1. With only alpha-carbon pairs counted, each pair once and no self-pairs, how large is the Kirkwood hydrodynamic radius of the range 110-164 in angstroms?
2. Sort 129-138, 149-158 by the packing proxy (mean of other Cβ within 10 Å over each peptide's residues), most packed first.
3. Mind giving me the nanometre distance, one decimal, between the label points for residue 25 and residue 140, set 7 Å out from Cα along Cα→Cβ?
4. Which of the peptides 92-105, 48-61, 24-37 is most tightly packed, and how do the rest follow, going by the mean number of other Cβ atoms within 10 Å of each residue?
5. Between residue 127 and residue 46, 0.36 nm times their residue separation minus their Cα-Cα distance comes to what?
6. Cα axis of helix 78-106 to longest principal axis of the chain: angle in degrees, 0 to 90, nearest 10?
7. How are the C-alpha pair distances of the range 1-93 spread across 5 Å bins, as whole percents from the shortest bin up?
8. Given contacts defined as C-alpha pairs under 8 Å and at least six residues apart, what's the relative contact order of the chain, whole-number percent?
Amino acid sequence: MGLASAAVWTFGLDLLVTEGGTRPTTARLAWVLLGVLGVLGAAAGALEARLGPARAWTTTTVALAGATAVLAPAPGTPAITDPAAAVFGGSYIAMSGRLLLGGTRVYSDEPSAGVGIAFLVLALGQAAGSLALGALASGTGLRTAVLVAAGVGLLGALAPPRTS
């Protein structure tokens, strides 16, 4: 999840402005939508209750990967990038919540340790992902790096966490 989300968090605005030719203020609107719709990620518990842990993970991971992939081919089209950013925000928050809940289940005697480890692993994945995707982007282009991150996200959808 860390690597898959790193493309949007680290390079998303650059993709919209540099590759897509979107004005910076217009591109920032996509990030406002990302944050506002991220609140919908709080429904992760309800989604898990309805679909079960594994299907909830797969659904949110596919949504994050799909939203990431949609940004690459048309980064200058707000009618496409704004909804993609919104879906990314909601799915990212839902996935984060799932990881944190999973951490508390693994470390049920010390739930704070589970939350801390989940955050650490997510942050390490984002840091490593940012470095790897930056190196890839310098050789193949930013759009390709974003698509690779989306592919990593899809791979993550195939392997729901054991803690679920």
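1. On the way: mean 1/r = 0.0782 Å⁻¹.
By the Kirkwood definition, the hydrodynamic radius is 12.8 Å.
2. Details: 129-138: 16.7, 149-158: 19.1.
Going by the mean number of other Cβ atoms within 10 Å, highest first, we get 149-158, 129-138.
3. 3.7
4. Values: 92-105: 21.4, 48-61: 18.1, 24-37: 16.4.
Peptide ranking by packing, descending: 92-105, 48-61, 24-37.
5. Details: separation 81, 0.36 × 81 = 29.16 nm, distance 3.00 nm.
Going from the current span to full extension adds 26.2 nm.
6. Here the helix axis deviates by roughly 20 degrees.
7. Result, from short to long distances: 3, 15, 26, 24, 15, 9, 5, 2, 0 percent.
8. Working: 265 pairs, mean separation 63.2, N = 164.
Computed over the chain, the figure is 39 percent.
The values are calculated or read from the model by the stated rules, or taken from the named source; none is laboratory data. The shown structure was predicted, so the numbers you read here are calculated from the model rather than taken from an experiment. Quick reminder, even Gly has a Cβ in these numbers, built from the backbone with ideal geometry, and neighbours come from all protein chains shown. Surface accessibility is based on the protein's heavy atoms, side chains included, excluding ligands, DNA and RNA. Shrake-Rupley method; radii C 1.70, N 1.55, O 1.52, S 1.80 Å.
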